[in-house]
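Worksheet: the structure to be examined is printed underneath.
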Amino acid sequence: MVYLYLLIILLTPYWLGPIVVWLTQKAGARPVFEPFTAGRHAVPEDVAAAFRQTCDALTSEGFRIVADLFQTGQMKHVSTRVALLEKSDTAELALAVAMFTAARPARLVASYAELPTKFRDGRTVSVHNSPLPGSFTPPPSRVVVRLPIVRDPARLCRVKRAYLERYYRGVERVPFEHRDDPAQFLGRVMVRELLEQVEAGRWWRDDRAGVFRPTFTSAWVMTWQALPPFGALRRWRLRRRASAILQELNMSGPDPRPIAQPRTRVSLAWVAAIAVTVVVLNQLGSRVLRPSWSMPSDFVVPAAFPDAVRALERLAGEGATPLVGTDSVGDSLRTEGFAVSVPLARAERLVAAAQPRFLENGFYLFRSEQHFGIGSRADRVALFPRSDRYEILRLMGTNGWNYGIGPDSIVAWLRALERDHPFVLTGMGFDWVEGRFRSPIHDADALARRFHAFCPDIVDQGTETVDALARELGESQRLYCWWD
């Protein structure tokens, strides 16, 4: 019975979420945009800064702003600021978009540039760098090229031109009908996209209420697409496809002037509620559902790596599979290591207890995946045949590309940190790294500032202030970075 209750609680977002979306999600059938007025329309400072930088980058490519508009109420709790820009000599159109919600319980944000093109035969191509995968499926006549890894709008313009030159050379382009009334033009575009979803059977039009609503099936799909592991898989596939497109166009590489994506923030009350739930479930899981784990006193690491892998399998009680990393273009990379699934409550203790013994034989033990107890997914603990942790970090593709930070930059930063604060790494993944310091931290405030400068997410999406991060570093003596 305990198993059943835990399963119902853990899966609540998966069965209750779609019902809530189906009952509450709606979009107005008559979208209204009005001129943006600073004193009247409130935009969070970080969102406004990203929006201004996007407009400035597009201006550097020859665009000029023809309309600065604001919309609220089209979707519940969502506000949108849109700048419509035009390049007069080529009749190109561009949009700078900033969408945000209040903390209910999370402030969700998307700041991006969109570059649409219209052809005389009725087809359109839209290139954008929105970080959101999106829940609408466009019809065949409307091609959407999603490039979230291109955070420099000026570079995005050059990518769009290269894309059109490669795949639509010779196709006649026509201008958009936006000059007479930009606000009405954007409203028509939104309605057209919603009608496309109605025609596809994913949404329906409620004429009595004057709104569009998702169908019951679409509500389930939309919700599950956003939940783990599906949301993470969609983002990974999106980034992988974007890398492939840039490679096809011979335009791979870092952005010259990337614009940081404003961060999602979760309300403190919601964080507290989740924390309490996780603690209770972990206590139940560790005390009721499974006995406590400790390293067998007679455990010995064999000298040969294949035998060491089998020893790890015995510790974990699970079979090992090849360790998969990420190469420089975002593709999966099979490494020489192996990994086993380990429940959350055991993974950290296993690495802490067994890592020194494996290191004595030149093998590196570390956590390669962490899922924080979400759903039924276990963490992954990996073993690598050599002890160079920075070689492993590069193979795992650990990065913060949304801040222009690649694996080499992370390695260089960690090497510099190690000279001042010796540490051992206990976990390395695609966009995170963890460890523990070998000696007490004497200046936690300076160390916290150092961490925040290199990895803003641990404050912006975690402790919320640098002072709180300093306290946490001093108390936990732990190293942790992630780039969302």
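The values are calculated or read from the model by the stated rules, or taken from the named source; none is laboratory data. In this text the structure is predicted, and so the values were computed from the model without any measurement. Every residue, glycine among them, receives a Cβ derived from its backbone with ideal geometry; neighbour counts consider all protein chains shown. The protein model used for the area step is the full one, side chains on, heavy atoms only, and it has no ligands, DNA or RNA in it. Shrake-Rupley method; radii C 1.70, N 1.55, O 1.52, S 1.80 Å.
Placing unit charges on the Cβ atoms of the charged side chains and taking the dipole of the stretch 150-238 about its Cα centre, the candidate lying farthest along the positive direction among Leu156, Leu186, Val221 is Leu156.
In the chain, a dipole from Cβ-located charges (positive for Lys and Arg, negative for Asp and Glu) runs towards its positive end, and of Val171, Ala308, Pro35 it is Val171 whose Cα lies farthest in that direction.
Among the listed values (1) 28; (2) 15; (3) 19, the one matching percent of Cα pairs over 45 Å apart as calculated from this structure is (3).
The charge dipole of the stretch 355-484, taken about its Cα centre with unit charges on the Cβ of Lys, Arg, Asp and Glu (plus for the first two, minus for the last two), comes to roughly 500 debye.
For Glu348, the accessible area of its heavy atoms, probed at 1.4 Å with every protein chain present, is near 90 square angstrom. Simple point charges give the picture: +1 on the Cβ of Lys and Arg, -1 on the Cβ of Asp and Glu, and for the stretch 137-180 a dipole about the Cα centre of about 260 debye.
Relative contact order, whole percent, for the chain stands at 11, derived from Cα pairs under 8 Å and 6 or more residues apart. For the chain, the solvent-accessible area of protein heavy atoms averages 50 Å² per residue (probe radius 1.4 Å; ligands and nucleic acids excluded).
For the pair the stretch 375-435 and the stretch 169-184, the centres of their Cα atoms are 47 angstrom apart. Candidates Ala347, Ala468, Ile245 compared by Cα position along the dipole of the chain: farthest toward the positive end lies Ile245, with charges placed on Cβ.
Heavy atoms only, 1.4 Å probe, whole protein assembly: order Tyr167, Tyr403, Tyr112 by accessible area, highest first.
Numbers: Tyr167 95, Tyr403 55, Tyr112 30 Å².
Descending order: Tyr167, Tyr403, Tyr112.
So for Lys118, Lys87, what's the accessible-area order with a 1.4 Å probe, most first?
Working: Lys118 65, Lys87 30 Å².
The residues order as Lys118, Lys87, largest area first.
Of the peptides 212-218, 140-146, how do they stack up when ordered by the mean number of other Cβ atoms within 10 Å, highest first?
Numbers: 212-218: 18.3, 140-146: 15.1.
Packing proxy ranking, top to bottom: 212-218, 140-146.
In straight Cα distance, which lysines are under 17 Å from Lys26, not counting same-chain residues fewer than 8 positions off? Correct list for Lys26: Lys76. For Ser60, the accessible area of its heavy atoms, probed at 1.4 Å with every protein chain present, is near 80 square angstrom. How high is the relative contact order of the stretch 101-206, in percent, with contacts defined as C-alpha pairs under 8 Å that are six or more residues apart? Relative contact order comes out at 22 percent. Within the stretch 166-269, the GluC sites (Glu not before Pro) that combine a DSSP coil assignment with at most 16 other C-beta atoms in a 10 angstrom radius are Glu172, Glu177.
In a simple Cβ point-charge model (Lys, Arg +1; Asp, Glu -1; nothing else charged), the chain has a dipole of about 900 debye relative to its Cα centre.
So for the stretch 124-264, averaging the separation of alpha carbon pairs under 8 Å that are six or more residues apart and normalising by length, what relative contact order in percent results? Write out the running numbers ahead of the final one.
Details: 114 pairs, mean separation 44.3, N = 141.
Computed over the stretch 124-264, the figure is 31 percent.
Pop out the carbon and sulfur fraction of the accessible area of the chain as a percent, whole number, probe 1.4 Å. List each step's numbers first, then the result.
Values: 13690 of 24320 Å².
It is 56 percent, rounded to a whole number.
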